[in-house]
Amino acid sequence: MKVTDIMTRGVISLAPTDSVHKAAERMLRYDVSGFPVLDQGKLVGMITQGDFLRRAETGTEGRRPPWTEYFADPGSLAGDYVYTHARTVADVMTRDVVTIAEDASLDDAVGLMQRHHVKRLPVVKGDAMVGIVSRVNLLHAFPAGTPKDAPAPLDDSAICDRLTAKLKNEPWLPRGSVQAIVKDGVVVLQGTVSDQRQRTALRVAAENIPGVKQVIDELREIDLVVVR
């Protein structure tokens with residue numbers, strides 16, 4: 001699935017010359033947490049709810065303690081003042097915008113969101129913005145990517161083979177440390193793990209195999225000794 005398959009098209013935008021009050025009103029009216037900022041069709045920034053956390057209007061400008069102001073450079077102090085008192089979008093928006101191409105994969109989109117700690121990515125084609133992909137779009141993609149018809153359940157032997165093959169390729173489990181016994185769709189996990197999270201991961205791996213009715217944990221937890 002590509003970004004173009006789930007992105008929102010016809011996105012509402014703001015201009016750099018728009019007021020911050022207009023930006024706040026639109027966020028409330030359309031129940032969205034941010035807007036792209038376009039100048040003659042070109043993406044020049046993003047303004048989000050986070051840009052309203054420190055504002056003089058709400059008494060949240062968070063002025064620095066006097067002793068820190070003494071050591072701060074005038075440019076930094078002036079920048080803080082602009083950010084908390086500015087009247088136009090251009091003065092508070094984020095200019096270094098992270099974007100993504102429309103033919104990029106959803107995995108690429110998620111990676112960018114996590115790496116840059118953003119909730120939405122403008123989608124660009126050349127110099128033009130053609131849409132936006134957000135966490136909500138990814139949530140809508142989840143049902144679409146889920147198989148509508150349940151796969152046919154496997155018999156005990158096939159379940160055991162499928163789980164063994166799956167665990168062989170997982171880096172979080174030492175090879176040969178865990179065995180599975182399957183009877184009537186019930187998987188019994190035996191062996192050793194060194195972390196509680198491995199127990200959970202093993203259960204999840206088994207539960208994802210068609211035909212598994214129950215997972216019984218008989219694993220032993222041991223302390224892992226690292227030899228340097």
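Taking Arg63 as the residue in question, decide whether it is basic (Lys, Arg), under 15 Å from Met7 (Cα atoms) and either touching a residue at least 24 places away in the same chain (Cβ under 8 Å) or surrounded by 11 or more Cβ atoms within 10 Å (Cβ to Cβ) (or both).
No, not satisfied.
Can you name the residue in the stretch 166-208 that is in a loop (DSSP other than H, G, I, E, B) and at pLDDT 95 or above and, of all such residues, is surrounded by the fewest Cβ atoms within 10 Å (Cβ to Cβ)?
Within the stretch 166-208, the match that is surrounded by the fewest Cβ atoms within 10 Å (Cβ to Cβ) is Asp184.
I want to confirm something. Restricting to the stretch 92-120 and keeping residues that are touching a residue at least 40 places away in the same chain (Cβ under 8 Å) and outside any loop (DSSP other than H, G, I, E, B), which single residue is surrounded by the most Cβ atoms within 10 Å (Cβ to Cβ)?
Ala109
Report the residue count in the stretch 125-139 for those that are under 19 Å from Leu38 (Cα atoms), surrounded by fewer than 19 Cβ atoms within 10 Å (Cβ to Cβ) and touching a residue at least 12 places away in the same chain (Cβ under 8 Å).
The qualifying residues number 4.
Scan the stretch 199-219 residue by residue and report those that are touching a helix residue (DSSP H, G or I) at 6+ places or on another chain (Cβ under 7 Å), among the β-branched types (Val, Ile, Thr) and under 14 Å from Arg162 (Cα atoms).
Answer for the stretch 199-219, where residues must be touching a helix residue (DSSP H, G or I) at 6+ places or on another chain (Cβ under 7 Å), among the β-branched types (Val, Ile, Thr) and under 14 Å from Arg162 (Cα atoms): Ile209, Val212.
Among the residues of the stretch 156-197, how many are in contact with a strand residue (DSSP E or B) (Cβ under 7 Å, 6 or more places away or on another chain), of a type in the set (A, V, I, L, M) and touching a residue at least 24 places away in the same chain (Cβ under 8 Å)?
The number of residues fulfilling the criteria is 10.
Return the only residue of Thr17, Thr48 being out of contact with any Pro (no Cβ under 9 Å at 6 or more places or on another chain), buried (at least 17 other Cβ atoms within 10 Å of the Cβ), among the polar types (S, T, N, Q) and assigned by TED's automatic domain parsing to the domain that holds Val110.
Unique residue meeting the criteria: Thr48.
The values are calculated or read from the model by the stated rules, or taken from the named source; none is laboratory data. Here the structure is a predicted model, which means the values were calculated and not measured. Neighbour counts are summed over all protein chains in view; Cβ atoms, including those assigned to glycine, are modelled from backbone coordinates with ideal geometry.
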